[in-house]
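The values are calculated or read from the model by the stated rules, or taken from the named source; none is laboratory data. Here the structure is a predicted model, which means the values were calculated and not measured. Here the Cβ positions follow ideal geometry from the backbone for every residue, glycine too, while neighbour counts run over all protein chains shown.
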Amino acid sequence: MTKKNSSHKSVGFSRRALLQTGAAALGAAAFPLPAIAQTKPFAGVTLRGASFQHRFFTLLQNYIPEFEAQTGMKVDLQLSAFPVYNQQANLELSSGGSAFDFVNVTFILAARWVAAGLLANLDEFTGDPNLTPAGWNPKDFVEGAQVPYRDAKGATYGYSWEGGAMVMGLSRMDLMEKKGLKIPKTFAELQQVCAEINGTDNVNGIVSFQLHHWCLPPYIQGFGGNIFRKPPADIMPTLNSPEAIQAVDYYANLLKNYAPKGVLTYTEDQARQSHMTGRSNIFIHSSAWITPILLSNDSKVKDTSRVVRMPAGPVHDYPAANSQGLGIPKNAKNKKAAWEFIKWALSPEISMRLVKEHGHSSVCRRSVIESEEYRKLNTVNGQDLGALYLEVLGLPAKGENYMAYRTVKEFPIVGDVLNKAFEQVATGQLAAQAAMNAAQEQAVANLRRAGTAL
Amino acid sequence: MSGGMTGPVRRSASPRRLVAIGVTLIMLLSPFLWLLQMSFKSNDLILQFPPPLIFTPTLQNYASLWQGAFAASFVNSLMSASFSTALALILGVPAAYALSRWAGRGKHALSFAILVTRMAPPIAFTIPFFLFYRWIGLLDTVTGLVLVYTSFNLPLVIWMMQPFFETVPSSLEEAALVDGASTRVVFLQIVLPMVAPGIAATAILCFLYAWNDFFFALILTRTHARTAPVAVVNFMNYEGWEWGKIAAGGSLVMAPVLIFSLAVRRYLVSGLTAGAVKG
């Protein structure tokens with residue numbers, strides 16, 4: 001009986017199974033496309049993105065075929081030079097274009113683009129568990145790097161792919177040790193070290209480059225001043241405050257007395273070259289420009305170099321920090337596909353692969369920067385560069401967002417004026433007070449001419 | 001001996017004059033020579049101070065240009081400059097001829113109206129062009145660039161060519177017409193050969209305008225139709241400027257204009273100076 005039943009059951013099962021299999025085969029033959037579409041929801045989509053050329057994207061391009069295979073979409077990533085990209089993206093976004101599905105949100109343009117509503121609110125994507133798994137964790141991005149991509153209400157319009165943290169590189173610690181000098185921790189000590197080292201063994205005390213409105217503000221803030229009264233709410237320039245004048249005087253003296261001739265027109269490359277070859281002892285700039293003294297094969301001072309926090313001012317210790325983010329234009333045609341790409345490109349997995357496989361360390365995911373692998377790769381001569389990078393990058397989010405001056409749309413106008421005023425002081429054409437008084441008047445006039453209500 | 005009778009008198013230049021010519025030449029050519037020597041240096045050497053004048057040259061910068069996207073940009077530049085020059089000449093030369101032979105009342109008003117398009121700075125046209133091109137799908141295409149350059153070169157051709165046509169005596173055309181030649185034949189076979197220097201000079205100016213344009217190419221292209229001048233700027237990267245490639249790219253950008261100008265220099269000189277002295 002059991003056997004019979006079993007036999008019947010076996011026959012019945014076989015028939016039903018046969019019918020089911022046949023139906024499934026017919027269904028699959030009749031409707032093959034939906035089945036494929038289910039596994040690759042973005043099949044047939046061409047995703048267009050743009051950014052300025054950067055090592056991050058060059059490396060990412062190696063992995064993009066994997067992403068294309070996973071999702072079925074094709075990625076057309078258009079990379080241009082920094083000024084070219086900014087010009088083109090600004091025009092595209094400002095005119096409500098939909099040519100790009102994702103864009104780089106350039107730090108200096110972030111506030112303008114966010115305030116003008118040119119970007120899509122990414123909280124709509126991160127808040128939807130169907131679009132963003134919990135493991136992606138938006139809070140894993142270093143808070144200081146995310147500040148520029150938020151509006152006044154705290155909504156997020158970009159996620160950072162690169163961070164820049166201002167640090168100090170010393171290339172000739174051997175000379176400093178010979179002279180009994182310690183690493184400077186204050187502005188006064190910085191001046192003293194520059195004075196002592198300058199001219200010794202044909203080494204310059206310090207080197208810098210022509211983007212003074214990036215290098216100078218940490219000194220202005222260090223003395224207690226700022227570029228604007230209280231950015232981003234109050235953007236009245238404060239270029240002729242006593243603190244700003246003191247800072248301009250101080251920094252101009254550093255460059256006049258202890259930097260190579262022609263430093264005012266140096267590019268970042270020239271400054272890095274001077275630093276890496278040991279012709280200049282101190283260089284204070286973003287970590288990506290400083291750490292090559294320890295990491296680059298071209299460095300001639302690997303064994304005598306140190307990378308540390310830049311000296312603190314008498315009032316504040318505000319080293320500059322910035323980041324670059326990825327965002328989605330408001331009128332993008334393929335927003336979900338663009339989010340899929342951003343999610344993938346900035347995932348912890350890809351960030352870690354960039355670190356491990358290519359030594360690309362300027363990522364913005366805290367979990368990656370704090371990982372053991374990252375620490376191993378970025379600890380050179382006993383110096384934990386990752387910890388230093390994380391510390392500085394996170395500072396603007398702790399307490400006052402002192403980098404806010406740089407993300408307001410009025411900054412480029414005031415920054416240009418500041419650049420010129422500083423050059424006048426550093427070349428001895430004007431005293432700091434006269435130059436900064438004139439700069440203040442000029443900045444206010446230029447802002448009013450541009451339609452800014454002060 | 002006979003040269004003294006038939007051609008200009010040949011005098012040997014005094015040493016002082018030779019020195020003056022040499023110094024002037026060095027001064028005029030120094031930016032170009034500096035760029036050229038930079039293009040054969042490695043980045044390290046370029047940034048060295050004081051700059052070494054004797055060094056082992058390298059072709060690395062040129063090689064890397066052609067391995068990258070610069071070659072495509074160079075071709076884009078060649079195509080947009082050549083086609084726009086040809087199109088401007090095809091449309092502008094007959095128009096200039098017609099205007100030069102027209103004695104009607106509206107001649108000056110029409111000529112002025114044609115020139116008006118060159119009176120505003122290019123920036124005034126950029127945004128309208130950008131929006132219109134986006135709308136009709138010509139953004140980032142060589143065709144789009146050709147149309148822009150043609151529209152800007154056309155008034156130049158018409159205005160430059162008119163005086164050349166005016167120097168051709170009408171009696172020649174009348175004689176040909178009496179002999180049974182059609183207007184087309186008169187224009188193509190009699191008048192055009194006589195204004196060839198003018199056409200060469202105009203063509204060079206048109207080509208130069210299109211070839212050297214940066215602004216329209218920057219705004220109206222992305223990556224597919226990017227031209228050589230924009231591609232050179234593309235070496236100014238966020239992480240550093242690629243000086244060697246900038247110098248090599250700059251030198252290469254100069255090459256076609258130099259070759260073209262040398263090839264037609266005889267026409268260029270006579271074309272640009274024609275009509276300067278009336279007698």
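Numbers at a glance
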read-out	value
Total residues in region A:405-454, condition under 20 Å from the mean Cα position of the chain (by Cα), modelled with pLDDT of 90 or more and farther than 18 Å from A:Gln210 by Cα	1
Selection within region B:28-51 - away from every other protein chain (no Cβ under 14 Å) and either over 23 Å from the mean Cα position of the chain (by Cα) or under 30 Å from A:Gly278 (Cβ atoms) (or both)	B:Trp34, B:Leu35, B:Gln37, B:Ser39, B:Phe40
Residue tally, condition buried (at least 24 other Cβ atoms within 10 Å of the Cβ) and away from chain B (no Cβ under 12 Å), over region A:269-282	2
Count - residues of region A:59-73 that are within 14 Å of another protein chain (Cβ to nearest Cβ) and crowded, with 16+ Cβ neighbours inside 10 Å	1
Meets criteria (in a helix (DSSP H, G or I), within 12 Å of another protein chain (Cβ to nearest Cβ) and within 17 Å of B:Val75 (Cα to Cα)) for B:Val232	yes
Filtered residue count, region A:289-319, keeping only those that are surrounded by 24 or more Cβ atoms within 10 Å (Cβ to Cβ), of a type in the set (Gly, Ala, Ser) and under 27 Å from A:Leu346 (Cβ atoms)	0
Selection from region A:74-97 of residues that are part of a loop (DSSP other than H, G, I, E, B) and at the interface with another protein chain (Cβ under 9 Å from one of its Cβ atoms)	A:Ala81, A:Ser95, A:Gly97
Matching entry among A:Asp269, A:Asp317, A:Asp303 (being of a type outside the set (S, T, N, Q) and within 22 Å of A:His54 (Cα to Cα))	A:Asp269
From A:Glu268, A:Glu196, residue being touching a Lys or Arg at 6+ places or on another chain (Cβ under 7 Å) and among the acidic types (Asp, Glu)	A:Glu196
Extreme residue, nearest to A:Tyr405 (Cα to Cα), among residues of region A:110-135 that are part of a helix (DSSP H, G or I) and modelled with pLDDT under 95	A:Ala111
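Here's the yes/no breakdown for (1) out of contact with any helix residue (DSSP H, G or I) (no Cβ under 6 Å at 6 or more places or on another chain); (2) of a type outside the set (Phe, Trp, Tyr); (3) within 30 Å of A:Ala288 (Cβ to Cβ); (4) modelled with pLDDT under 90:
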{"residue": "B:Ala201", "(1), (2), (3), (4)": "no, yes, no, yes"}
{"residue": "B:Phe216", "(1), (2), (3), (4)": "no, no, no, no"}
{"residue": "B:Leu220", "(1), (2), (3), (4)": "no, yes, no, no"}
{"residue": "B:Gly240", "(1), (2), (3), (4)": "no, yes, yes, yes"}
{"residue": "B:Ala247", "(1), (2), (3), (4)": "no, yes, yes, no"}
{"residue": "B:Ile259", "(1), (2), (3), (4)": "yes, yes, no, yes"}
{"residue": "B:Val264", "(1), (2), (3), (4)": "no, yes, no, yes"}
{"residue": "B:Tyr267", "(1), (2), (3), (4)": "no, no, no, yes"}
{"residue": "B:Thr273", "(1), (2), (3), (4)": "yes, yes, no, yes"}
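Okay, residues lined up against (1) in contact (Cβ under 8 Å) with a residue 12 or more places away in the chain; (2) of a type in the set (D, E, K, R); (3) within 28 Å of A:Gly135 (Cα to Cα):
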| position | (1), (2), (3) |
| --- | --- |
| A:Ala337 | yes, no, yes |
| A:Ala345 | yes, no, yes |
| A:Ile369 | yes, no, yes |
| A:Met403 | yes, no, no |
| A:Thr407 | yes, no, no |
| A:Glu410 | yes, yes, no |
| A:Met436 | yes, no, no |
